[in-house]
Each structure stands twice: as structure tokens, then as C-alpha cells.
1. Select from 185, 125, 73 the residue farthest towards the positive end of the dipole of the chain; place +1 on Cβ of Lys and Arg, -1 on Cβ of Asp and Glu, and compute about the Cα centre.
2. Work out the length of the dipole vector of the chain about its Cα centre, built from +1 on the beta-carbon of each Lys and Arg and -1 on the beta-carbon of each Asp and Glu, and round it to the nearest 20 debye.
3. Starting from the 7 Å offset along Cα-to-Cβ, what nm value, one decimal, do you get for the label separation of residue 3 and residue 36?
4. With a bin width of 5 angstrom, please list the P(r) values of the chain as percents of all Cα-Cα pairs, from the 0 bin to the one holding the largest distance.
5. Relative to the longest principal Cα axis of the chain, at what angle does helix 150-169 sit, 0 to 90 degrees, rounded to 10?
6. Report the residue, chosen from 52, 161, 115, that carries the largest GNM mean-square fluctuation when the chain is represented by alpha-carbon nodes joined by springs under 10 Å.
7. Once you mark the trypsin sites (Lys or Arg not before Pro) that are in a DSSP loop and have at most 13 other Cβ atoms within 10 Å, what is the longest gap between them in the chain?
8. Relative to the longest principal axis of the C-alpha atoms of the chain, give the angle of the C-alpha long axis of helix 60-69, reported between 0 and 90° and rounded to the nearest 10°.
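Every number in this text was worked out from the coordinates using simple rules, so none of it is lab data. Quantities reported herein were computed from a predicted structural model and do not represent experimental measurements. As a convention, Cβ positions derive from the backbone with ideal geometry for all residues, glycine included, and neighbour counts pool all protein chains shown.
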Amino acid sequence: MESTKKRILDEAVAAFAARGYEAVGVQDLCEASGITKPTLYYHFGSKAGLLSALFEERFGGFNACVRAASAYPGPRRGDLAGILLSTMTAFVDAARDDPDFARVRLASSFCPPSSDPYRVARPHLEALYAAVVDAFEAAAVDHGNMAGRALPYAASFIGASDAYVGLYLAGDLDPDAGFLRRAVHYFMHGIFS
């Protein structure tokens, strides 16, 4: 049973990445997975339920990686540049490891708020932002000029990280370790100026 569920999730992420959530029908998913509609509904309840299960598995895992990478160890022990580098690297590594889900994650992040993908993604997006906001709030203890700016810094940092992911997915950029170090340096120069 778990292999059927996994097969459906794998086919769904590939289809959603290639054509977009709205363009993929339940019948398309069933044919690609070699199942019937009742089987899909048994496992997920609906197409939105399938997307929710996909996000629980993959967005949850992505967020756990970002939270671990962005953990600020405390006053006078934190290396903010190193933490931001490991966090940005987590974004890029996740796209390298699962490019289909990275495409679905990015697309869902910018869908209309009334759409299924955005509604399903929203709690995961909130958790992503919370992880990065927490890092900037903790770092503000060491860097007083950052106090009260955690949300705009997090939004800018996530936006830059996602831009590099998007360029990577499009084949326009292969952000290696040197590129990511420079990107973090430019970001830090902006927040400390």
C-alpha cells in the first residue's frame, strides 16, 4: 500500500512540476500512476488532499533542513555569515536533490491566495519564514542594528535564495560554493550598512 501511495506522490510531483497543478487532472494522475480514481481518493480524498500529502512529506522535509541550517547558536557564539551560507546552501541543495518539488514549491508560493496550491502551501510557507525570522531575531542580540528587522531580512533572504533556485532550475545558473559565499557576503553587506 505504501508503494502505491509513494508512486502516486512521485507521479503527481512530476506532473505538477511539468504542467502546473491546475493543468493536471485526477484522470491524468491515475493514468500516470497506473491506478483507478477510487484508489487515489482512498489514499488522499481529493486532488487537494494529494497535494497536501505531498507538501507534508516534501515541504516538511525541506523546512526541517532549513530550520537546522538556520539555527543560531546564541549570543556571541553565532557566525551569522556561516549560518546564512548553510541556509542558502540548503535551498540550493534541496533543488538539486528534488528539482520537481522545488518547482512545485516555488509555483505554489506565488499562486493566487484563493487557489488550492497556495492554501495548502501556506502553513509550510509560514514555517519556512518562521525558521529564517528566528535566525535573524537571535542574531540581533549580537548585531544590534538588526533589531526589529527580522521579517524584512528573512523575506529578502528567502527571496534571494529562491531566485538562485529558480535560475538553477531554468539552467541559467549553477550556484557553487563560491557563488553562494559571495551572495551571502553581498546580503550581509546590505544588512550591516
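1. Final value for the positive-end residue is 73.
2. Dipole of the chain, to the nearest 20 debye: 280 debye.
3. 2.0 nm
4. All Cα pairs considered, the percentages come to 1, 8, 16, 18, 17, 13, 10, 7, 5, 3, 1, 0.
5. The two axes meet at around 50 degrees.
6. Highest fluctuation of the listed residues: 115.
7. That would be 78-193.
8. Approximately 10 degrees, to the nearest ten.
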